[in-house]
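The values are calculated or read from the model by the stated rules, or taken from the named source; none is laboratory data. All values reported here derive from a predicted model rather than from experimental measurement. Note that each Cβ is placed from the backbone with ideal geometry, even for glycine, and that neighbours are counted across all protein chains shown. When the accessible area is computed, the model is the full protein with side chains, heavy atoms only, and any ligands, DNA or RNA have been set aside. Shrake-Rupley method; radii C 1.70, N 1.55, O 1.52, S 1.80 Å.
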Amino acid sequence: MISEFASGNPPDLAGLHRAYFLEYGRISSYSAWYEKLSRPEFARFTKECFLRFNEKMQSELYSSQDKLLNKFDDVLLQDGSTQTLNSCLQNIFPGRFTKNSPAAIELHAFFSLRRNNFVNLQMAPDKESEYLFMPEEDVSLKGTLSLFDRGYCSVKRLNKIEASKGFFVCRWKGSANPVIVNVASPYRR
């Protein structure tokens, strides 16, 4: 399962079942396979694997001699990843795209490159606004570089980062009309 998840292509249950068969040569019916994955023990096992994997991850970004990123106390990343669910779950986990995927969940991750760890990790129905999952009080923003998608962006958040003497890069809605008050260029003489 780990090799399937690490392959870069998000696997589905049928793909995991095929990989298991190819790896071990054991024949197992799909229903028996699915039954084992739906047990509470498997959820606990998966969570434990994720936590251990996360502890062992090594970020080489700050150990490199990259002078640009070393100017920041931390680089904070915020993004979400959506997974569609069976449509019978649409009342519990409503999705944003009701025609294609009426049921979906989104995993909201807030990651610190300096600590090489998640600051915050939350799961919610995909229909809920991403901005609601931006941690507010967990992290000092002074001297940090925040990178996030437009779903996490708001003028209030950008003002808070700026007031904290932090920096940010984010996507903004096409209707935005910012006023540029200063341009810092390394090529200025």
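Mind checking which residues of region 122-174 are in a strand (DSSP E or B) and closer than 17 Å to ASP74 by Cβ?
Correct list: THR144, LEU145, SER146, LEU147, PHE148, PHE167, PHE168, VAL169, CYS170.
Condition (residue is surrounded by fewer than 10 Cβ atoms within 10 Å (Cβ to Cβ), closer than 30 Å to LEU145 by Cβ and either of a type in the set (D, E, K, R) or modelled with pLDDT of 75 or more (or both)) applied to region 25-37: is it met by at least one residue?
No, region 25-37 has no match at all.
Please name all residue pairs, on different chains or six or more residues apart, with Cβ atoms under 9 Å, provided the first residue is in region 153-166 and is at positive phi and the second residue is open to solvent by 80 Å² or more (accessible area, probe 1.4 Å).
Partner pairs satisfying both residue conditions: LYS165/LYS142.
Go through region 140-171 and give me each residue that's open to solvent by 100 Å² or more (accessible area, probe 1.4 Å) and at pLDDT 80 or above.
Across region 140-171, the qualifying residues are LYS142, LYS156, GLU162, LYS165, PHE167, ARG171.
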